[in-house]
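The values are calculated or read from the model by the stated rules, or taken from the named source; none is laboratory data. Note that the structure is a prediction, hence the values are computed from the model and not measured. FYI the Cβ positions are ideal-geometry reconstructions off the backbone, even for glycines, and counts take in every protein chain you see. Heads up: the accessible areas ignore ligands, DNA and RNA and are worked out on the full protein's heavy atoms, side chains in. Shrake-Rupley method; radii C 1.70, N 1.55, O 1.52, S 1.80 Å.
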Amino acid sequence: MVSETDCLFCRIVAKEIPAEIVYETDRTLAFRDVNPQAPTHALVIPKDHYRDAAALAAADHGLADEVLRTAHAVAEQEGVAGSGYRMVFNTGPGAGQTVFHVHAHVLGGRGLTWPPG
Ligand code: 5GP
Ligand code: ZN
């Protein structure tokens, strides 16, 4: 397990910080965002620590696609896969990334405008 002690999402994986978990696989975890921006707003993470989507993709061992599959499974489970949902990886501070453990936001359950702000 690749973990960082001062990382918020590593601490959620370790069950040191509570979260409302909605879906889990061996290597990924999905939980509700504490400050939801849509009726469905979950965060999907690899349990191992990578700082952002680029680092995860560069690791190149099938984990990035597992995160995508988990995100779609969450959308199915939440009933938003049919109407449409958005998967967002904020990557870097300029794009709004505040937690540096890669996470996919899964947003749905309302109309989503484009482009995002
Ligand atoms: P970012 O800004 O890095 O793309 O997204 C970080 C997300 O994590 C934010 O949407 C924020 O609401 C969420 N978040 C921050 N702290 C916690 C927490 O302790 N628990 C949960 N469930 N979500 C959190
Ligand atoms: Zn972490």
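Carbon and sulfur: what percent of the chain's accessible surface (1.4 Å probe)? Spell out each step's value before the answer.
Working: 3430 of 6460 Å².
Carbon with sulfur: 53 percent of the solvent-accessible area.
Looking at the chain, the accessible area is 55 square angstrom per residue; that uses a 1.4 Å probe and ignores ligands, DNA and RNA.
What value in Å³ per residue do you get for the convex hull of the alpha-carbon atoms in the chain?
Each residue corresponds to 105 Å³ of Cα convex hull volume.
Think of the chain as a dipole: +1 on every Lys or Arg Cβ, -1 on every Asp or Glu Cβ, centred on the Cα centre; then among Gln77, Gly111, His49, Gly111 lies furthest on the positive end. Each other residue within a Cβ distance under 14 Å of Asn90 adds +1 if Lys or Arg and -1 if Asp or Glu, for a net charge of 0. For the peptides 44-50, 105-111, residues were scored by their other Cβ atoms within 10 Å and the scores averaged per peptide; the highest-first order is 44-50, 105-111. By the helix-only formula, in which each DSSP H run with n ≥ 4 contributes -39500 (n - 2.57) and the sum is divided by residues, the chain has a 222 nm mean residue ellipticity of -7000 deg cm²/dmol.
Summing Lys, Arg as +1 and Asp, Glu as -1, what charge do residues with Cβ under 9 Å from the Cβ of Met1 carry, Met1 excluded? Write down the numbers at each step before the final one.
Numbers: positive: Lys47; negative: Asp48.
Combined, the nearby Lys, Arg, Asp and Glu give 0.
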